[in-house]
Every structure is written in C-alpha cells, then in structure tokens.
1. Would you say residue 27 is over 20 Å from residue 199 (Cα atoms), surrounded by 15 or more Cβ atoms within 10 Å (Cβ to Cβ) and touching a residue at least 12 places away in the same chain (Cβ under 8 Å)?
2. How many residues does segment 194-204 contain that are outside any helix (DSSP H, G or I) and crowded, with 23+ Cβ neighbours inside 10 Å?
3. Just one of 61, 54, 39 is in contact with a helix residue (DSSP H, G or I) (Cβ under 6 Å, 6 or more places away or on another chain) and more than 17 Å from residue 84 (Cβ to Cβ); which is it?
4. Look through segment 76-128, keep the residues that are assigned to a helix (DSSP H, G or I) and touching a strand residue (DSSP E or B) at 6+ places or on another chain (Cβ under 9 Å), and return whichever of them is farthest from residue 143 (Cα to Cα).
5. Residue 162 versus (1) under 25 Å from residue 65 (Cβ atoms); (2) part of a loop (DSSP other than H, G, I, E, B); (3) in contact (Cβ under 8 Å) with a residue 40 or more places away in the chain: which is the lone unmet condition?
6. Looking only at segment 217-228, which residues are crowded, with 23+ Cβ neighbours inside 10 Å and closer than 12 Å to residue 37 by Cβ?
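The values are calculated or read from the model by the stated rules, or taken from the named source; none is laboratory data. The structure presented is a predicted model; accordingly, all values stated were derived computationally and were not measured. Virtual Cβ from ideal backbone geometry, glycine too; neighbours counted across all protein chains shown.
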C-alpha cells in the first residue's frame, strides 16, 4: 500500500443517536507533512481521527489512505500504515505488562518472537521507557503511560502517526520530551490538540475545524496569528506569540516542524 497521501473527500459521519458530527470534511495530506487539527471541544476532531484508522466508517464521502479508499477489506493493511494514539492512554494499555502491550501489535502481525522483542525494545527505548518493560501499566505515571502508548504504535512501524491530544495531563518536562520525540518522527504526523504552542513547535500546517466543518487550512504561523478565527473556535493565541506584559516584546517561537 502506498502511504503517500491521506485524503478525505466530502466526509460525513452521524452517530446512531442521530448526532451529525462530520459535515463534509475535505483535505489532502501528503507524505512527510506534520499537520495539526485544532478546534473547540465537540468540533469533531476525535471523530475524524477515528476514521483515519478505520475505527469508524463514514456515513458519506470517501477517505483514501494511499492509493485506495478505506474499505472493510483493506482495513487491516490501513491499520499497519496508520498508527493511532488515543487521547486516554488507558484506552490503549490493557495487557499485564508494558512489554506485553507493546508486543501486542507485532505479535498480531505474525512476526517471529525475535523480531517482536527487537521491535518492542527499539520502540520503548525510542520513547525512553525501556526501564518500564516489566512493569504493569497501572503502576506507571500518566506521562509514562503516554510514552508507552506511543511505543505500542511505533512497534508497528507505521508510515503515518495520528495522535489525539498527546500533551494532555503531561507535566512540563514530559511535554517537552514528547515534543522532542515527535520531532524525530520523520513520516507523516497528524495531531489533534488544544496545545497550540506544541502545534507551533511541530506543525507547519493547521486545519481548523468548527461544528464538523473545516473552516481554515493553511500555514500554522498565519492561522495562529488570526485572533478572530481562533476566538470563533474558543481558542486563544499561543503563549509564544503573545506580547510580554512587561516589555511588550513577543518571543520568537522559531520555525515549526516539517
């Protein structure tokens, strides 16, 4: 499967209770892009992300991963290409030990034990959590759970990394370590978040979603300076772009990620 694009064309989704959440979403993301999806709570961000891995199926429109539309018959291949990290790590960690959680995906790919162990160790070392491999997930901190949840995805060697609110509930040090880790992931990244300063660090492009529709799609720097647009989505300008109340100067956040 080619992994060069993620493309939605007029994507719609309605939950069984009749709540329409996605109302004609369209975008195209090419290989290697780092793209943020921002918006208020309830705008449809998480619902959209769950479509990218085939956990939800659209009520209308087309979602393409690579060369083909996402269909029931190719969802297994899509899930190998698209790694999804949930907003709550507890939704992703369910095995007796950290090692078992990270090994779950490679084992289900049918890989031999030696390769599974190698993938688990590499993924956990990448996120700085190999020392936790014998621990039960419920005995580690929130930041450590977040790192392990990312490792469960990295062990599958995905081409596309999709993350829902990855910095939520992290202390400042854990947040900074997460940002540095994500900077090192050179494939496609799609990140839904309220952490607009993290967006400035990682993503050159931002999609703004409001009430199930994309209302802006463009360079992150421009969108983050549009206070009227942000306010319409219950968002505020990143701290890195605000003037100092004492000296009046604005910090230079530097260029965002790829």
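1. no
2. Count: 1.
3. Unique residue meeting the criteria: 39.
4. 77
5. (2)
6. 220
Each row is one residue, and each column tells you yes or no for (1) more than 24 Å from residue 7 (Cβ to Cβ); (2) surrounded by 14 or more Cβ atoms within 10 Å (Cβ to Cβ); (3) under 16 Å from the mean Cα position of the chain (by Cα).
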{"position": "67", "(1), (2), (3)": "no, no, no"}
{"position": "70", "(1), (2), (3)": "no, yes, no"}
{"position": "78", "(1), (2), (3)": "no, yes, yes"}
{"position": "83", "(1), (2), (3)": "no, yes, yes"}
{"position": "95", "(1), (2), (3)": "yes, yes, no"}
{"position": "102", "(1), (2), (3)": "yes, yes, no"}
{"position": "105", "(1), (2), (3)": "yes, yes, no"}
{"position": "110", "(1), (2), (3)": "yes, no, no"}
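Condition check ((1) surrounded by fewer than 23 Cβ atoms within 10 Å (Cβ to Cβ); (2) in contact with a helix residue (DSSP H, G or I) (Cβ under 9 Å, 6 or more places away or on another chain); (3) modelled with pLDDT under 95; (4) not in a helix (DSSP H, G or I)) across all residues:
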position: 191; (1), (2), (3), (4): no, yes, no, yes
position: 206; (1), (2), (3), (4): no, yes, no, yes
position: 209; (1), (2), (3), (4): no, yes, no, yes
position: 215; (1), (2), (3), (4): yes, yes, no, yes
position: 230; (1), (2), (3), (4): yes, yes, no, no
